[in-house]
Structures are given as structure tokens and as C-alpha cells.
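The values are calculated or read from the model by the stated rules, or taken from the named source; none is laboratory data. The model shown is predicted, which means the values in this text are computed figures rather than measured ones. No Cβ is skipped: glycine too gets one built from the backbone with ideal geometry, and neighbour counts run over all protein chains shown.
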Amino acid sequence: MNISIDSDVCIGSGQCVLTAPGVFTQDDDGFSELLPGRADGGGDPMVREAARACPVQAISLGH
């Protein structure tokens, strides 16, 4: 799985961080970013739910 966050769309709601804190974090401005080494989801089963929880659909999951 390949995870990407569209930084132009992200509003920093933090839903991804709340749902999958082992994959996502927020930068100093409050916008979402991937934790280092987690661009593949790190096997976290909550990654798909985190993408669904994003209110602006800024998270894309690819294969």
C-alpha cells in the first residue's frame, strides 16, 4: 500500500492521527503528515479507516 496526503487539500482536522497514530502525525502547523518509514502503512489495519475519516478526503491509498 502506498499512502499519500494532499497537503493542498488537508485542513488539519487530525482525524487520521486519532484513527491511526502509528502512521500519521501532525506538523508544527497542524497539518497531517506520515511518520517516517510509514508511507506503506506499516501494516496498520486502521489506515483505511483513517483515509475514510478524513473530512476533505486528503488521504489517498494506492497499491
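Listed values, structure above:
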quantity: Residue in region 39-50 that is among the hydrophobic types (A, V, I, L, M, F, W, C), crowded, with 16+ Cβ neighbours inside 10 Å and farther than 22 Å from HIS63 by Cβ present; calculated: no
quantity: Every pair of residues 6+ apart whose Cβ atoms lie under 7 Å, when the first sits in region 8-26 and is part of a loop (DSSP other than H, G, I, E, B) while the second is polar (S, T, N, Q) and modelled with pLDDT of 95 or more; calculated: CYS10/SER32; GLY12/GLN26; GLY12/SER32; GLY14/GLN26
quantity: Residues being loosely packed, with under 14 Cβ neighbours inside 10 Å and closer than 18 Å to MET1 by Cα - total across region 23-38; calculated: 2
quantity: Flag for ASP44 being more than 9 Å from the chain's Cα centre (by Cα) and at pLDDT 95 or above; calculated: no
quantity: Test: residue in region 51-61 that is of a type in the set (S, T, N, Q) and part of a helix (DSSP H, G or I); calculated: no
